[in-house]
Amino acid sequence: MPGQRVVKLGVSGHRYLHHIPVLEKAIHAVLDQVSERYAGHKLEMYNPLAPGADQLAAGIALQRNIALIVLLPFAQDQYLDEFPQESQEVFLQLVSKAQKVIQIEAAQGENRYRPLGNYLIDHMDCLVAVWNGLPARGPGGTGEVVEGFRRQGKPLAWVRADNMLPEELVLLPPVLTHGSVQYENWQIEPRS
């Protein structure tokens, strides 16, 4: 379509999820809102395909014929070594359907995930964050990415999700509901 602009949708979120059908429904609702907000434009999802929220969102995007662009924080083989076996298989299925793979390089001595988070903040038009609202557990984590979007006044959709870490359960505060969505800066028009 002539004059059709590409809208870049980033994804960041927890690796360990529960009540996944609730989150699937919420992500579908967010993608409905994104499609409405950017009607007439081509959507691309930029996604690191980590286990959990990333892989869940990528699968939904592909079901909806949204182009998938994979962002790797370092070499694919090394990245996959950090995943459980089942998530490695899902990653390989999803990456085989990706339109493109981009490897984000870290500077010497820099944390390997921070440049990925910065790439999302600097290059995405909007963000889907599947997150419990707590500070990032490490550099480039979802909390940092969300804060970067907030500082820049960029649109983001926060899908509220408990974090089911292997060693502990980190629930949302009682006033927040798992699977509910909060839209921030949604009234701002996309860049031309």
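Going by a ≥ b ≥ c, the root eigenvalues of the Cα gyration tensor, does the stretch 1-122 fall in the rounded group (a/c under 1.5), the prolate group (a/b larger than b/c) or the oblate group? Taking the square roots of the gyration eigenvalues as a ≥ b ≥ c, the stretch 1-122 is oblate. With neighbours defined as other Cβ atoms within 10 Å of a residue's Cβ, the residues S96, S180, S12, S87 order from fewest to most as S96, S180, S87, S12.
So what's the net charge close to L23: Lys and Arg +1, Asp and Glu -1, counting the other residues with Cβ under 10 Å from its Cβ? Kindly include the intermediate steps, with their values, before the conclusion.
Numbers: positive: K25, R160; negative: E24, D162.
Local net charge: 0.
Of all DSSP beta bridges confined to the chain, the antiparallel ones make up roughly 20%. Placing dummy labels 7 Å off each Cα toward the beta-carbon, the span from H18 to A39 is 4.0 nm.
Please state the charge dipole magnitude for the stretch 6-184, taken about the Cα centre, from unit charges on C-beta atoms (+1 on K and R, -1 on D and E), reported in debye and rounded to the nearest 20.
Details: 15 positive and 20 negative charges, 113 e Å.
That gives a dipole near 540 debye.
With the simple spin-label model, which puts each label point 7 Å out from Cα in the Cβ direction, the Q99 to Q85 separation comes to 3.5 nm. Overall, the stretch 85-192 carries a charge dipole of about 280 debye about its Cα centre when +1 sits on the Cβ of Lys and Arg and -1 on the Cβ of Asp and Glu, all other atoms neutral. Here's the picture: charge each Lys and Arg Cβ at +1 and each Asp and Glu Cβ at -1 in the chain, and of V11, L134, I66 the one pushed furthest to the positive end of that dipole is I66. Helix content alone sets the calculated 222 nm mean residue ellipticity of the chain: runs of n ≥ 4 DSSP H residues at -39500 (n - 2.57) each, divided across all residues, give -10500 deg cm²/dmol.
Read-outs: derived from the displayed coordinates by stated rules, not from any lab. Here the structure is a predicted model, which is why all the values come from computation and not from measurement. Methodologically, a virtual Cβ is constructed for each residue, glycine included, from the backbone with ideal geometry; neighbour enumeration extends over all protein chains shown.
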